[in-house]
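Asks: Handing you a structure now.
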Amino acid sequence: MTEIRIEVDDRALRATLESLLTRVNDMQPVMEDIARALRNHTEDAFQDERSPFGAPWADLSNVTKAIRAKSGHWPGPILQVTGSSGLAGSISSAAGADWASLGVGKEYAATHQFGRADNRFYGGPLAPIPARPFLPIDAAGNLPDTLRNEIMAILTDALGS
């Protein structure tokens, strides 16, 4: 009788899987890198005065420019009059073993992210505030391609090394 015997040397595969398992058991450093990327893209929006998707922010209204000029804050960057105590200074990021987050510590953040058509300045006439998106996510939950690619590179590097 003829016998065929096949032996598979799976030591390399087992070592690779063991290494991968070790890396995925401690994802906190990877999540910290992702949180940092989220924050960096948000800070870039303030510096560039444009959405993380690339669209420039609407210019300030003439009323806002006049108010800023009176207080000595014109010309100046959009959404950054109050410096570190304002909207841009309230951006925070955090990470854990299986999550990364981005936060904004100002209650008026949504007004600037999405705009506000019914805004009345101190009870005065209607003065809509245009959207000036600064968070790197759109209304459908999509990330800008540059950020998505950066996150994928972080994950690929972490899982492939």
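The values are calculated or read from the model by the stated rules, or taken from the named source; none is laboratory data. Everything quoted here is computed from the prediction, not taken from an experiment. Note that each Cβ is placed from the backbone with ideal geometry, even for glycine, and that neighbours are counted across all protein chains shown. What goes into the accessible areas is simple: the full protein's heavy atoms, side chains included, and nothing from ligands, DNA or RNA. Shrake-Rupley method; radii C 1.70, N 1.55, O 1.52, S 1.80 Å.
Asks: When the residues of the range 87-108 are filtered to those that are touching a residue at least 60 places away in the same chain (Cβ under 8 Å) and within 14 Å of the chain's Cα centre (by Cα), which remaining residue is nearest to His41 (Cα to Cα)? Reasoning before the result, please.
Replies: Going residue by residue through the range 87-108, those that are touching a residue at least 60 places away in the same chain (Cβ under 8 Å) are 95-102.
From what's left, within 14 Å of the chain's Cα centre (by Cα): 95, 99-102.
Numbers: Ala95: 16, Trp99: 18, Ala100: 14, Ser101: 13, Leu102: 11 Å.
So, considering only residues that are touching a residue at least 60 places away in the same chain (Cβ under 8 Å) and within 14 Å of the chain's Cα centre (by Cα), the one nearest to His41 (Cα to Cα) is Leu102.
Asks: Additional query: What tally of residues in the range 1-24 results from selecting those that are in a loop (DSSP other than H, G, I, E, B) and not hydroxyl-bearing (Ser, Thr, Tyr)?
Replies: Let us first name the residues in the range 1-24 that are in a loop (DSSP other than H, G, I, E, B), namely 1-10.
Next, from what is left, pick out any that are not hydroxyl-bearing (Ser, Thr, Tyr): 1, 3-10.
Residues that pass the stated criteria total 9.
Asks: Moving on. Output the residue which, of all residues in the range 109-134 that are of a type in the set (Phe, Trp, Tyr) and open to solvent by 90 Å² or more (accessible area, probe 1.4 Å), is nearest to Phe46 (Cα to Cα). Before you say what the answer is, go through the steps one by one.
Replies: Filtering the range 109-134 down to residues of a type in the set (Phe, Trp, Tyr) leaves 114, 121-122, 134.
Pick out the ones that are also open to solvent by 90 Å² or more (accessible area, probe 1.4 Å) and you get 114, 121-122.
Values: Phe114: 15, Phe121: 23, Tyr122: 25 Å.
Filtering the range 109-134 for residues that are of a type in the set (Phe, Trp, Tyr) and open to solvent by 90 Å² or more (accessible area, probe 1.4 Å), the one nearest to Phe46 (Cα to Cα) comes out as Phe114.
Asks: Looking only at the range 29-71, which residues are of a type in the set (Lys, Arg), part of a helix (DSSP H, G or I) and open to solvent by 60 Å² or more (accessible area, probe 1.4 Å)?
Replies: Filtering the range 29-71 for residues of a type in the set (Lys, Arg) gives 36, 39, 50, 65, 68, 70.
Of the ones still in play, those that are also part of a helix (DSSP H, G or I) are 36, 39, 65, 68, 70.
Across the range 29-71, the qualifying residues are Arg36, Arg39, Lys70.
Asks: Hey, can you tell me all the residues within the range 109-161 that are in a helix (DSSP H, G or I) and among the acidic types (Asp, Glu)?
Replies: Asp145, Glu150, Asp157
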